[in-house]
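The values are calculated or read from the model by the stated rules, or taken from the named source; none is laboratory data. If you're wondering where the values come from, they're calculated on a predicted model, not measured in any experiment. Note: ideal-geometry Cβ built from the backbone for every residue, glycine included; neighbour counts use all protein chains shown.
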There are 2 protein chains.
Amino acid sequence: MNKPQRKKAGKKDLILLKAAAMFREKGFAATSMRDLAEAVGIEAASLYNHIRSKNEILETICFDVANRFHTHIEEIDSNHDHAIKKVETLLRFHIKQMIENFEEVHVADREWRHLEEPYLSNMQAQRRNYRKRIAAIIQDGINKKQIANIDASTSVLIMLHAISGIESWHRSKAKISAEELENNMIRLLIDGLRNSDNK
Amino acid sequence: MNKPQRKKAGKKDLILLKAAAMFREKGFAATSMRDLAEAVGIEAASLYNHIRSKNEILETICFDVANRFHTHIEEIDSNHDHAIKKVETLLRFHIKQMIENFEEVHVADREWRHLEEPYLSNMQAQRRNYRKRIAAIIQDGINKKQIANIDASTSVLIMLHAISGIESWHRSKAKISAEELENNMIRLLIDGLRNSDNK
DNA sequence: CCTACCGATCGGTAGG
DNA sequence: CCTACCGATCGGTAGG
């Protein structure tokens, strides 16, 4: 073999991947650049040829994930489905993301508080906005009598946090399958939204 | 009592209180003993006249909270209520704890991974066991046809994580009242458990 | 990508 | 409860 195959921007991606895994496992603050370097297989100083700072890694992870969710909710908002269908689509996307891109999604959700300004305020605003959009979808469904008369913000709180609980599914030994988990979650979370007359 | 509201070991309690608040806000790893000392109003070195180490503070918080929940589920397990009533009692207790003792309950729930051995394994086992007991209550209800035929472990996952989402209620500005929040959560979380014939 | 190293800060101790 | 200070480790840089 002449040269090991070059992944496009491979080393930086590897750093981000390992960082996500370690930030999830130990938390951002408790992960040192030396730990990370060891996982990547280089010296700590060499990390800085690929990234500018520890915080930049967190910024990349958090905003990548946020953009993905933002793009998805834009799509949902622009279609004309039944409100329950919209919520279901949103939840299935969240669940899939949490299962398939577990490390980075979980880090974005739990460690964003360690961002520095101005990123911290930016992310805070994005998160607030995102929740408001989901609440608006639900409230719209309530107004159109498509959804039971519940408190929209409580519902959003429950749904989003329940989904972040998939973390403990990942950790559990006697796992049900990802598909079963998704369908069980959808059933339990969507059921409370239905009007008694279309249950 | 002869003296009005005299805290006994007052300084240590104050340290634990401030520590819980700071661990919640910034995380265990990102909170320094110097930060904590400043919040308490003494020098960092003086903290060690009241506590043995930073980790001991976390241990105290985590095991205090765990014991509280353990005691409560023992009570529930020893009564003979309808399964749905048992779950509701449990959920209301969790919600109240999360509202009234927010800082320490939230720290116990999020920061226990920073415990050192043997406390880490101990806490891990306690948590696993606690979830199993809740799942058993639900499964028992399913077997007795008191609860719909759902996946018990998914239900536990959703319920417990939804409740830890009360954190974002604390942070929100336009809050609904604590009582409303509790009742909304109970409604949304319990509804999915009911059999269609007693809905 | 490495060796060598920086100043800052960490948790914690000695001694009063 | 304080001053003074410890060794360890942190994120990051210089220079090759």
Could you tell me whether any residue of the stretch A:112-135 is under 21 Å from residue B:185 (Cα atoms), surrounded by 14 or more Cβ atoms within 10 Å (Cβ to Cβ), more than 10 Å from every other protein chain (Cβ to nearest Cβ) and hydrophobic (A, V, I, L, M, F, W, C)?
yes
Flag if residue A:80 is surrounded by fewer than 18 Cβ atoms within 10 Å (Cβ to Cβ) and in contact with a Phe, Trp or Tyr (Cβ under 7 Å, 6 or more places away or on another chain)
no
Are any of the residues in the stretch B:55-70 in contact (Cβ under 8 Å) with a residue 12 or more places away in the chain and within 16 Å of DNA strand D (Cβ to nearest atom)?
yes
Pair list, Cβ under 7 Å, 6 or more apart: the stretch A:30-45 residue within 15 Å of residue A:114 (Cβ to Cβ), other residue within 6 Å of DNA strand D (Cβ to nearest atom)
A:33/A:44; A:33/A:54
Determine if the stretch B:93-110 includes at least one residue that is surrounded by 14 or more Cβ atoms within 10 Å (Cβ to Cβ), over 12 Å from the mean Cα position of the chain (by Cα) and touching a residue at least 24 places away in the same chain (Cβ under 8 Å).
no
Which condition number in (1) more than 14 Å from chain B (Cβ to nearest Cβ); (2) within 13 Å of DNA strand D (Cβ to nearest atom) is the one that residue A:22 fails?
(1)
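Could you say whether any residue in the stretch B:10-21 is within 16 Å of DNA strand C (Cβ to nearest atom), free of Cβ contacts under 8 Å to residues at least 24 places away in the same chain and within 24 Å of the chain's Cα centre (by Cα)? Before the answer, list the steps.
Initial filter on the stretch B:10-21 (within 16 Å of DNA strand C (Cβ to nearest atom)): B:11-12, B:15-16, B:18-21.
This time we only want the ones that are free of Cβ contacts under 8 Å to residues at least 24 places away in the same chain, so: B:18.
Right, trim to within 24 Å of the chain's Cα centre (by Cα) and you get B:18.
Yes, the conditions are met somewhere in the stretch B:10-21.
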Of the conditions (1) within 14 Å of chain B (Cβ to nearest Cβ); (2) within 16 Å of DNA strand C (Cβ to nearest atom), residue A:57 satisfies every one except a single condition; which number is it?
(1)
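Considering the stretch A:26-54 alone, what residues qualify as being away from DNA strand D (no atom under 14 Å from the Cβ) and within 14 Å of chain B (Cβ to nearest Cβ)? Give the derivation first.
As a first pass, look at the stretch A:26-54 and keep what is away from DNA strand D (no atom under 14 Å from the Cβ): A:41.
Scanning the stretch A:26-54 gives no hits.
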Could you figure out which of (1) surrounded by 14 or more Cβ atoms within 10 Å (Cβ to Cβ); (2) not assigned by TED's automatic domain parsing to the domain that holds residue B:155 isn't true of residue B:88?
(2)
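Okay, residues lined up against (1) over 20 Å from residue B:94 (Cα atoms); (2) at the interface with chain A (Cβ under 7 Å from one of its Cβ atoms); (3) among the hydrophobic types (A, V, I, L, M, F, W, C); (4) in contact with an Asp or Glu (Cβ under 8 Å, 6 or more places away or on another chain):
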site: B:152; (1), (2), (3), (4): no, no, yes, no
site: B:167; (1), (2), (3), (4): no, no, no, no
site: B:171; (1), (2), (3), (4): no, no, no, no
site: B:176; (1), (2), (3), (4): no, yes, yes, yes
site: B:186; (1), (2), (3), (4): no, no, yes, yes
site: B:190; (1), (2), (3), (4): no, no, yes, yes
site: B:195; (1), (2), (3), (4): yes, no, no, no
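Would you point out which residue out of A:31, A:71, A:60, A:89 is touching a Phe, Trp or Tyr at 6+ places or on another chain (Cβ under 7 Å) and modelled with pLDDT of 95 or more?
Values: A:71 fails: touching a Phe, Trp or Tyr at 6+ places or on another chain (Cβ under 7 Å); A:60 fails: touching a Phe, Trp or Tyr at 6+ places or on another chain (Cβ under 7 Å); A:89 fails: touching a Phe, Trp or Tyr at 6+ places or on another chain (Cβ under 7 Å).
Within the list A:31, A:71, A:60, A:89, the selection yields A:31.
Mind telling me which of the residues A:41, A:27 ends up being on the phi > 0 side of the Ramachandran plot, surrounded by 14 or more Cβ atoms within 10 Å (Cβ to Cβ) and either within 16 Å of DNA strand C (Cβ to nearest atom) or not assigned by TED's automatic domain parsing to the domain that holds residue A:178 (or both)?
On the way: A:41 fails: surrounded by 14 or more Cβ atoms within 10 Å (Cβ to Cβ).
Exactly one of A:41, A:27 is on the phi > 0 side of the Ramachandran plot, surrounded by 14 or more Cβ atoms within 10 Å (Cβ to Cβ) and either within 16 Å of DNA strand C (Cβ to nearest atom) or not assigned by TED's automatic domain parsing to the domain that holds residue A:178 (or both), namely A:27.
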